[in-house]
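One structure is given below, encoded as structure tokens.
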Amino acid sequence: MTTTTSATGTARSPDLRPAPANTIGTWFNDGWITTRRNLIKIKRVPDILVFTTLQPIMFVLLFSQVYAGSIDIPGSSYTEFIMAGIFAQTVVFGSTYSGSAMAQDLKEGIIDRFRTLPMSPSAVLIGRTNGDLFINALSFVVMIATGLVVGWRVRSSLLEAIAGVALLLLFAYAFSWVMAFLGMSVRSPEVINNVSFLVLFPLTFISNAFVPSENLPTPLRIFAEWNPVSALVLAARQLFGNVPDGYDAGDSWPLQNPVLTVLIGVVVLLVVFVPLAIRKFRTISSR
Amino acid sequence: MAFIEATDLIKTYHPKGAPVVRALDGLSLEVPRGTVLGLLGPNGAGKTTTAKVLTTLITPDSGSAAIGGIDVLREPDRIRRMIGASGQYAAVDENLTGFENLDMIGRLYHLGAKRSRARATELIDLFDLTEAGNRPVKGFSGGMRRRIDLAGALVIDPPVLFLDEPTTGLDPRSRLGLWDVITGLVNEGTTVLLTTQYLEEADRLADDIVVIDEGRVIARGTADELKSQVGGQRIVISLVSADDRERATRILSRVGTTATDVSADGRTLSTTVADGPAALQQVLADIRAEGIALHDAGMQRPTLDDVFLTITGRTTSHDDAKEAAA
């Protein structure tokens, strides 16, 4: 029995024999190789690149130039007010690529190919969410540059501003795992795209991202105060020092402790969805 | 002990609002080392499901499977280090070049950067993929993609190869090209499980054939054995006038081993014969002697449909009919 397996359990050429076991080293290797695959895709499919760079520029310009004259934010300028909102909206939408991309890979049979290889079962998901992280970081650079041009300024310290960027990217990264799980469950890239648009668009608009939620009708105001996007936006606003003087953020616990809320949210999302997504990945196959 | 062994595999699917699908219904098969098993059956017979169980992609509800004595269900990771899979379900990344795809697969087998690159280059040459080597797969024909896909399955020169409908959807020229490649691999001693809808493909590539239907094995044997079970070749003649059909039927029945089939319009007649060429000569001579005018006359090799019709009494298109009725 032993002789049978040692003679047959490996490639015939000793040069092409796969490593005998999965280690931390192969885990890093697999994560990097799948990340590289997604980076190459960003380079090869220009519409993703165009969308991720032009769309944030468009939003910054539209909001700062079209609405700034009409919307009065006491104690601040509208441009300073909305930048945190645009940051949050952009990175949340940036995380949805993981959903449609996992559904697409499943449909095309690439997931099946990966699953017949002796790679770490988390690698494809790590590579995928890293791809989103890269896209979001890229969007961030563009948004910050555009924001500075139209008059946005960081009123806190450099360190706090870096913490603000890190918090937004971290939240988006955790959200990518949720979307990756949903992408594998729903299996249709089109459905994932349409549904995430239908859910996330209202979610980012019924929040404090673009207008102070105190002016909203009561049901919407209550929704906005408990909306996780509001906590995310307020946390970013605080870290960039863009909270207007005398601004009433809201009485809800998340809005009284926005940074803590986001950090708790990140931990909860990762603790729940990383294992869920990996478990799902181990059993999925095209059909 | 056979190299690939599957015993009593059962796999059911429970689609919402639809009856339970028994994709595998007690399927067993064996592939001796260094041989090719052709898994033959119509769409939905359970071919791909069988291949997916053996390549660790899905877990059966019950039953067991082993390759080289290693349990597929208990030690999937060891299985993955010794198999190559290609076909309908194991695709390549469209946005990567042929080289990048093969290099990526090598690295995910943990061959390291240097060996992965060297092997990718080697396979590109071997499979005549130079053109596809440095351009994204997206722009290439079906035949070229299948070759890249097949090359992807061979990165570690695996002792076991799973080919799931390797030529479905390809034009005849690409199909012949791919058959040559697969024949080459088989000659080097690779153990292969090949699923196909084409008897001709199984005939050409496989040592043994297992015919499956509705998740069960309904026949097994060599291509010749199956064909003789079907009754060898068929002779088909087309009459200019349907008025001649009775005389022509008498002529065919003299050589036929089964009753003569007459088409609805009464002009196409066929029968199964033991010795094709001799029977055809006799039929043509008799037809001429009787002065019957023909449009066409010839021999037909048995198809999967004939095998199916003989074994199950129905054609392979029954699935489509069932779906249309549902």
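In the range B:143-160, what residues are under 13 Å from B:VAL92 (Cβ atoms), within 14 Å of another protein chain (Cβ to nearest Cβ) and not hydrophobic (A, V, I, L, M, F, W, C)?
Listed by number, the residues that qualify are B:ARG145, B:ARG146, B:ASP149, B:GLY152.
For the range B:150-171, check the following and say yes or no: at least one residue is modelled with pLDDT of 90 or more, under 28 Å from the mean Cα position of the chain (by Cα), closer than 27 Å to A:PRO46 by Cα and not in a loop (DSSP other than H, G, I, E, B).
Yes, the range B:150-171 contains a residue that is modelled with pLDDT of 90 or more, under 28 Å from the mean Cα position of the chain (by Cα), closer than 27 Å to A:PRO46 by Cα and not in a loop (DSSP other than H, G, I, E, B).
Test each condition in (1) within 15 Å of B:GLN300 (Cα to Cα); (2) within 30 Å of the chain's Cα centre (by Cα) for B:GLN229 and report the one that comes out false.
For B:GLN229, the failing item is (1).
In the range A:45-60, is there at least one residue being surrounded by 19 or more Cβ atoms within 10 Å (Cβ to Cβ), modelled with pLDDT under 90 and facing chain B (nearest Cβ under 8 Å)?
For the range A:45-60, residues surrounded by 19 or more Cβ atoms within 10 Å (Cβ to Cβ), modelled with pLDDT under 90 and facing chain B (nearest Cβ under 8 Å): absent.
Within the range A:187-224, work out how many residues are among the β-branched types (Val, Ile, Thr) and surrounded by fewer than 18 Cβ atoms within 10 Å (Cβ to Cβ). Don't jump to the end; show me each part of the working.
Residues of the range A:187-224 among the β-branched types (Val, Ile, Thr): A:191-192, A:195, A:199, A:204, A:206, A:211, A:218, A:222.
Those left that are additionally surrounded by fewer than 18 Cβ atoms within 10 Å (Cβ to Cβ): A:191, A:195, A:199, A:218, A:222.
Count: 5.
So A:SER285 ticks every box in (1) assigned to a helix (DSSP H, G or I); (2) in contact (Cβ under 8 Å) with a residue 12 or more places away in the chain; (3) within 14 Å of chain B (Cβ to nearest Cβ) but one. Which box is left unticked?
So A:SER285 meets the others, but not (1).
Looking for whichever is facing chain A (nearest Cβ under 7 Å) and either farther than 22 Å from A:PRO121 by Cα or at pLDDT below 95 (or both) here; the options are B:GLY69, B:GLY63, B:GLY87, B:GLY44. Which one fits? Step through it out loud before you land on a result.
On the way: B:GLY63 fails: facing chain A (nearest Cβ under 7 Å); B:GLY87 fails: facing chain A (nearest Cβ under 7 Å); B:GLY44 fails: facing chain A (nearest Cβ under 7 Å).
The unique qualifying residue is B:GLY69.
Looking at the structure I just gave you, is B:SER116 of a type outside the set (D, E, K, R), more than 9 Å from every other protein chain (Cβ to nearest Cβ), in contact (Cβ under 8 Å) with a residue 12 or more places away in the chain and assigned to a helix (DSSP H, G or I)?
Yes; evaluated as a whole, the condition is true for this residue.
Of the residues that make up the range B:126-139, is at least one free of Cβ contacts under 8 Å to residues at least 40 places away in the same chain, part of a loop (DSSP other than H, G, I, E, B), within 13 Å of chain A (Cβ to nearest Cβ) and within 25 Å of the chain's Cα centre (by Cα)? Before the answer, list the steps.
Residues of the range B:126-139 that are free of Cβ contacts under 8 Å to residues at least 40 places away in the same chain, as a first pass: B:126, B:128-135, B:139.
Still in the running and part of a loop (DSSP other than H, G, I, E, B): B:128-129, B:134-135.
Those left that are additionally within 13 Å of chain A (Cβ to nearest Cβ): B:134-135.
Remaining after also requiring within 25 Å of the chain's Cα centre (by Cα): none.
There is no residue in the range B:126-139 that is free of Cβ contacts under 8 Å to residues at least 40 places away in the same chain, part of a loop (DSSP other than H, G, I, E, B), within 13 Å of chain A (Cβ to nearest Cβ) and within 25 Å of the chain's Cα centre (by Cα).
Of everything in the range A:49-80 that's among the hydroxyl-bearing types (Ser, Thr, Tyr) and part of a helix (DSSP H, G or I), which residue is nearest to the chain's Cα centre (by Cα)?
To start, the set of residues in the range A:49-80 that are among the hydroxyl-bearing types (Ser, Thr, Tyr) comprises A:52-53, A:64, A:67, A:70, A:76-79.
Now restrict to residues that are part of a helix (DSSP H, G or I): A:52-53, A:64, A:67, A:78-79.
Values: A:THR52: 12, A:THR53: 15, A:SER64: 24, A:TYR67: 27, A:TYR78: 25, A:THR79: 23 Å.
By that ranking, first place goes to A:THR52.
Looking only at the range A:95-136, filter to residues that are closer than 13 Å to A:PHE175 by Cβ and not in a helix (DSSP H, G or I); which one of those is farthest from the chain's Cα centre (by Cα)?
So the residue we want is A:THR96.
Of the numbered conditions (1) of a type in the set (Gly, Ala, Ser); (2) assigned to a strand (DSSP E or B); (3) under 21 Å from the mean Cα position of the chain (by Cα), B:GLY63 satisfies every one except a single condition; which is it?
(3)
Being in contact (Cβ under 8 Å) with a residue 12 or more places away in the chain and within 14 Å of chain B (Cβ to nearest Cβ) is true for just one of A:ILE82, A:ILE42. Which residue is that?
Numbers: A:ILE82 fails: within 14 Å of chain B (Cβ to nearest Cβ).
One residue alone meets the criteria, A:ILE42.
So, of the residues in the range A:171-186 that are of a type in the set (Phe, Trp, Tyr) and more than 23 Å from B:LYS16 (Cβ to Cβ), which turns out to be surrounded by the most Cβ atoms within 10 Å (Cβ to Cβ)?
Quick first cut of the range A:171-186, residues of a type in the set (Phe, Trp, Tyr) only: A:171, A:173, A:175, A:177, A:181.
Now narrow it down to the ones that are more than 23 Å from B:LYS16 (Cβ to Cβ): A:171, A:173, A:175, A:177.
Details: A:PHE171: 26, A:TYR173: 20, A:PHE175: 29, A:TRP177: 25.
It comes out as A:PHE175.
Which of the following residues is in contact (Cβ under 8 Å) with a residue 60 or more places away in the chain and over 23 Å from B:ILE311 (Cα atoms): B:ILE212, B:ILE237, B:ILE251? Even if it seems obvious, please write down each step before you answer.
Values: B:ILE212 fails: over 23 Å from B:ILE311 (Cα atoms); B:ILE251 fails: in contact (Cβ under 8 Å) with a residue 60 or more places away in the chain.
Every option except B:ILE237 fails the conditions.
Can you tell which of B:THR56, B:THR48 is in a loop (DSSP other than H, G, I, E, B) and in contact with a Ser or Thr (Cβ under 9 Å, 6 or more places away or on another chain)?
Values: B:THR48 fails: in a loop (DSSP other than H, G, I, E, B).
After ruling out the rest, the residue left standing is B:THR56.
Can you confirm whether the range B:17-28 contains a residue that is touching a residue at least 60 places away in the same chain (Cβ under 8 Å), under 23 Å from B:ALA223 (Cβ atoms) and either surrounded by 15 or more Cβ atoms within 10 Å (Cβ to Cβ) or more than 14 Å from chain A (Cβ to nearest Cβ) (or both)?
Yes, there is a match, as at least one residue in the range B:17-28 is touching a residue at least 60 places away in the same chain (Cβ under 8 Å), under 23 Å from B:ALA223 (Cβ atoms) and either surrounded by 15 or more Cβ atoms within 10 Å (Cβ to Cβ) or more than 14 Å from chain A (Cβ to nearest Cβ) (or both).
On the given criteria, is A:SER120 within 30 Å of A:PRO212 (Cα to Cα), modelled with pLDDT under 95 and not acidic (Asp, Glu)?
Working: within 30 Å of A:PRO212 (Cα to Cα): no; modelled with pLDDT under 95: yes; not acidic (Asp, Glu): yes.
Criteria not met by A:SER120.
Being of a type in the set (Ser, Thr, Tyr), surrounded by fewer than 17 Cβ atoms within 10 Å (Cβ to Cβ) and within 27 Å of B:GLN282 (Cβ to Cβ) is the requirement here; does B:THR257 meet it?
On the way: of a type in the set (Ser, Thr, Tyr): yes; surrounded by fewer than 17 Cβ atoms within 10 Å (Cβ to Cβ): yes; within 27 Å of B:GLN282 (Cβ to Cβ): yes.
Yes; evaluated as a whole, the condition is true for this residue.
Six or more apart or on different chains, Cβ under 9 Å: which pairs go from a residue in the range B:35-57 that's on the phi > 0 side of the Ramachandran plot to one that's in a loop (DSSP other than H, G, I, E, B) and surrounded by 24 or more Cβ atoms within 10 Å (Cβ to Cβ)? Could you list them?
B:THR56/A:THR116
For A:PRO219, all conditions in the list (1) touching a Ser or Thr at 6+ places or on another chain (Cβ under 9 Å); (2) farther than 30 Å from A:SER156 by Cβ; (3) not small (Gly, Ala, Ser) hold save one; what is the number of the exception?
Condition not satisfied by A:PRO219: (1).
I'd like the full set of residues that are over 8 Å from A:LEU239 (Cα atoms) and part of a helix (DSSP H, G or I), limited to the range A:151-171.
Applying the first criterion (over 8 Å from A:LEU239 (Cα atoms)) to the range A:151-171 yields A:151-155, A:157-159, A:162, A:165-171.
Those that are over 8 Å from A:LEU239 (Cα atoms) and part of a helix (DSSP H, G or I): A:LEU158, A:LEU159, A:ILE162, A:VAL165, A:ALA166, A:LEU167, A:LEU168, A:LEU169, A:LEU170, A:PHE171.
The values are calculated or read from the model by the stated rules, or taken from the named source; none is laboratory data. These numbers were taken from a predicted model, which means no experiment stands behind them. Every residue, glycine among them, receives a Cβ derived from its backbone with ideal geometry; neighbour counts consider all protein chains shown.
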